[in-house]
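Beneath this line is the structure, given in structure tokens, with notes to follow.
Quick note: the coordinates plus some simple rules give every number you see, no bench work behind them. As the structure is a computational prediction, the values presented were derived from the model and not from experiment. Ideal geometry is used to build each Cβ from the backbone, glycine not excepted, and the neighbour counts take in all protein chains shown.
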Amino acid sequence: MTAPNEQLPGGDTRPDLLVTIPRINIHAFCTDARTAQAVQATAADRRMSKAHVQVQTGGIPAAAETYSQSETPNVLIVESQANRDGVLAELAQLAAVCEPSTRVIVIGHLNDVLLYRELTRLGISDYLVAPVTSLQLIQSIGSLFSDPQAARIGRVVAFIGARGGSGSSTVAHNVGWTVPRAYGLETVIVDLDVAFGTAALDFNVDPNQSVADAFLQPERIDEAVVDRLLIKVGDKLSLLAPPTSIARDYPVEASTIERLIDVIRRTVPVVILDLPSTWMSWSRAVVAQADEVIVTATPELSALRNAKNIIDLLKATRPNDRPPLLIINQVGMAKRPEIPPADFAKAVGAEPRLTFPFDPVTFGTAAGTGKMLAEINPKSKAVERIAALAEAATGRQPAAPKPRFALPFLGKLSLGKKR
């Protein structure tokens, strides 16, 4: 029986707090078809892309028999439907053939705190009560390889336009500019449009080195290399800009970008990725691995088709993540036939998170002067929407403004109070 007023660890899990699982071997021996399906779904999650997962049946007895003749993996997940004594007896057989370095996660069908305590005492890494979910399994596996004292890795937000000219880069750069000011978080904007990226123009800088320089020697990418390539454009904002010339071809590989992002997010809380609207194998891999994806579209048929394709693909490949955020930009352009936002949402299968009205003066002036929208017209509707989007992308509330000065002695005064 479960001890009074006690519950086993676990419960709801936030996908945005889960860590990426390293390159390890994970074997699972299940007794229930639902558990096997959950493990298979876990293996398909983006955070498990580096791990190698095998799923078999037979539970703990099958695992003990298998490893009597072979080495155990880095992580072993075993399921048992036995009672407390039965689980302990089965694990005793497994212990005789299990290597000390293997981490063992037990999935049981008893909500029993006493069993959990006994398993912990015996060196079992975790005990989960069936039925389990993919997020629970990822959290359990991730906890085995994460340092609780280490700083939380940065959040990666990918911006991609449904078509060229949708304004995705403008939105990305303004969100990146807003985050440090609203939340006090160090932020890096990475412009991955190597040929025609506009980050350097939008921030009015002339980079001597670019993000493409990291692609030439991917094996050398580390914190020192990234720090050398970063351009400081604010107290807590830095930029990895594209090259200023298209005279040279750069090898862009998904593995190189993944390594670059991993290095940046180890030291920076927020990473903004500005992706080209051209759909390539590496851009598909990048958006699939991002913590948040924001798709910007204009209210036109071609953008609708592309946005639907992107959103459908990401929903299918990221089942444990929040669906991409849809932004409809340039709404209300004069003399242009456009699809109403409600019809656009119905066709795409996603409600727009925000719509940006067509504002050529504010956007054009910002682009022409190398400034952000809030610097041109801080009271515009676009600036309000950028602030809302920054909150949605980071999942945080804006920091409370600090007083200009403090007068501690005022607390000692009785202003207006008669004695």
Discussion item. If you average the C-alpha positions of the stretch 48-88 and of the stretch 351-367 separately, how far apart do those two centres end up, in angstrom?
Written reply: 55
Discussion item. Can you give the local net charge around THR317? Use residues other than it whose beta-carbon is closer than 13 angstrom to its beta-carbon, Lys and Arg +1, Asp and Glu -1.
Written reply: +2
Fill in: Gaussian network model of the chain, Cα within-10 Å springs - most flexible of ARG259, ARG84, ARG121
ARG121
Item to complete: Would you mind classifying the chain by shape? Square roots of the alpha carbon gyration tensor eigenvalues, ordered a ≥ b ≥ c; an a/c under 1.5 is rounded, otherwise it is prolate if a/b is larger than b/c and oblate if not.
Response: prolate
Practice prompt. Just subtract the alpha-carbon distance of ASP249 and SER281 from 0.36 nm times their residue separation and send over the number in nm, one decimal.
Written response: 9.8 nm
Worksheet item: How much net charge surrounds ALA392 when only the other residues with a Cβ under 9 Å from the Cβ of ALA392 are counted, with Lys and Arg +1 and Asp and Glu -1?
Response: -1
Item to complete: Assuming a ≥ b ≥ c are the square roots of the Cα gyration tensor eigenvalues, decide whether the stretch 350-399 counts as rounded (a/c under 1.5), prolate (otherwise, with a/b larger than b/c) or oblate.
Response: oblate
Practice prompt. Rank-order 92-98, 153-159 by packing density, defined as the average count of other C-beta atoms within 10 Å over each peptide's residues, highest first.
Written response: 153-159, 92-98
Worksheet, complete the sentence: With ALA44 itself left out, Lys, Arg at +1 and Asp, Glu at -1 over residues whose Cβ is under 14 Å from its Cβ give +3
Worksheet item: Stokes-Einstein at 10 °C, 1.306 mPa s, Kirkwood radius from Cα pairs: D for the stretch 227-297 in µm² s⁻¹?
Response: 114
Item to complete: Determine the distance separating the Cα centre of the stretch 112-183 from the Cα centre of the stretch 302-342; give it in Å without decimals.
Response: 25
Worksheet, complete the sentence: Shape call for the stretch 298-372, from the Cα gyration tensor axes a ≥ b ≥ c (a/c under 1.5 means rounded, otherwise prolate when a/b beats b/c, else oblate), comes out oblate
Worksheet item: With charges only on Cβ, +1 for K and R and -1 for D and E, what is the dipole size of the chain about its Cα centre, in debye, rounded to 20?
Response: 1980
Worksheet, complete the sentence: For the stretch 123-260 the mean separation of alpha carbon contacts under 8 Å (6+ apart) over residue count, i.e. relative contact order in percent, is 23
Fill in: Computed [θ] at 222 nm, deg cm²/dmol, the chain (DSSP H ≥ 4; -39,500 (n - 2.57); rounded to nearest 500)
-11000 deg cm²/dmol
Fill in: Distance between modelled label sites at LYS371 and ASN25, nm, 7 Å Cα→Cβ extension
6.1
Practice prompt. Just list whichever of LYS346/LYS379; LYS308/LYS379; LYS50/LYS232; LYS50/LYS315 have alpha carbons separated by over 23 Å in the model shown.
Written response: LYS346/LYS379; LYS308/LYS379; LYS50/LYS232
Worksheet, complete the sentence: Expressed in nanometres to one decimal, the distance between label points 7 Å along Cα→Cβ at LYS335 and THR120 is 7.1
